[in-house]
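Below are the structure tokens for one structure; questions will follow.
The values are calculated or read from the model by the stated rules, or taken from the named source; none is laboratory data. Small disclaimer: the values here were computed from a predicted structure and weren't measured. Every residue, glycine among them, receives a Cβ derived from its backbone with ideal geometry; neighbour counts consider all protein chains shown.
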Amino acid sequence: MTSSVPPPPSPPTPGPRPRTPLVGPPPTQTMELPTFAPGELLDVPSADIAPPTRGIRPRQRTRLQRILIGLSSGTVLLLVAGVLVLATLLSPVGARRAARGIAEQELKAELESGEHILGQAYVSQRNWWDNFRESFGVLAATDRRLLFVGAPPASWLRNPDPDGPPELRVQSLSFDAPFTAQARRVLGFPGVVVQTTSGDITFLVPRGETKAVREIERVVERAQIAQSQATQQEQIGRIAPPPPPQVYITHIVHGGESVTSIARTYHTTPDVIRQLNRLPTDRIRIGQRLRVPQAPNATAPPNANAPQPANIP
């Protein structure tokens with residue numbers, strides 16, 4: 001009987017040797033690995049996270065830093081120029097009130113004896129010779145003229161001399177000269193335009209002064225109409241002076257005289273002789289008394305009676 005001997009067991013296969021880390025905690029301790037977002041360790045881009053950049057990552061900048069970096073040197077120069085322009089166009093604080101007070105005092109001093117103000121309004125001007133800076137003043141319509149008194153634009157850099165006399169601008173337009181004053185909009189703002197033969201004078205009207213400007217417009221219109229009528233009457237009087245009153249005398253017809261010869265003697269026409277004496281024809285008789293006009297500086301003939309005023313029938 002044959003006995004079977006079991007084969008000897010095969011030796012165990014040696015497993016992989018544990019690697020000892022060069023740097024880190026001992027093998028007996030557990031090292032915690034950092035957590036990464038999905039897709040960060042792989043080269044597959046993620047929908048929510050942008051792929052990492054290699055090398056040194058740039059530092060995050062604030063919104064203000066990004067705006068300042070985006071501004072170029074030209075933009076900065078434009079901003080500085082804009083600030084300077086605004087400083088030039090805008091008036092210092094309190095300049096309007098001070099200019100109006102000085103203008104009102106000077107307006108009273110400019111009035112002549114017996115001159116009365118019929119309308120008054122606060123206005124301002126912007127002229128190119130002032131670099132379009134605003135000057136404030138008072139526009140007044142009197143019974144004789146249109147008068148503007150204003151102060152020049154105040155400067156941010158130069159203070160006026162408090163001890164010296166104030167610098168003022170006075171513009172006067174007599175109603176004898178032809179001009180008009182109309183309230184209209186100037187560059188989209190309320191204003192009044194004074195049209196003269198030498199050019200237009202433009203004023204800006206602040207809020208609350210529109211009614212006063214309308215009154216000035218009506219005063220100027222009435223004054224110009226009255227002045228135009230007076231001028232027309234004066235011209236009519238110069239062109240056609242009133243004729244002197246006509247004087248008539250009586251003429252006695254003698255032999256050999258006719259209507260034509262009598263009219264020639266008194267420097268008139270036969271029609272006038274016929275009209276004064278109601279003659280249907282030129283037939284006259286000796287001894288007939290005719291009424292004839294006496295010519296200026298003319299000597300009456302011997303047969304004429306003394307001059308007597310007579311009315312034309």
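Are any of the residues in region 248-265 closer than 24 Å to GLN182 by Cα, of a type in the set (A, V, I, L, M) and modelled with pLDDT under 90? Please lay out each step first, then the result.
Going residue by residue through region 248-265, those that are closer than 24 Å to GLN182 by Cα are none.
No, region 248-265 has no match at all.
Another question, then. Mind checking which residues of region 81-133 are crowded, with 17+ Cβ neighbours inside 10 Å and at pLDDT below 80?
Across region 81-133, the qualifying residues are SER91, ALA95, ARG96, ARG133.
Keeping to region 136-165, report how many residues are under 17 Å from SER124 (Cβ atoms) and at pLDDT below 85.
Matching residues across region 136-165 total 5.
Same structure, new question: Somewhere in region 198-214, is a residue aliphatic (A, V, I, L, M), outside any loop (DSSP other than H, G, I, E, B) and free of Cβ contacts under 8 Å to residues at least 60 places away in the same chain?
Within region 198-214, the subset aliphatic (A, V, I, L, M) is 201, 204-205, 212-213.
Now restrict to residues that are outside any loop (DSSP other than H, G, I, E, B): 201, 204, 212-213.
From the residues that got through so far, the ones that are free of Cβ contacts under 8 Å to residues at least 60 places away in the same chain too are 201.
Yes, because at least one residue in region 198-214 is aliphatic (A, V, I, L, M), outside any loop (DSSP other than H, G, I, E, B) and free of Cβ contacts under 8 Å to residues at least 60 places away in the same chain.
Same structure again: List the residue pairs whose Cβ atoms are under 7 Å apart, where the first residue sits in region 218-232 and is part of a helix (DSSP H, G or I), the second is charged (D, E, K, R), and the two are 6 or more positions apart or on different chains.
GLN227/ASP176
Restricting to region 275-313, what's the tally of residues that are within 17 Å of VAL247 (Cα to Cα) and either of a type in the set (D, E, K, R) or modelled with pLDDT of 85 or more (or both)?
8
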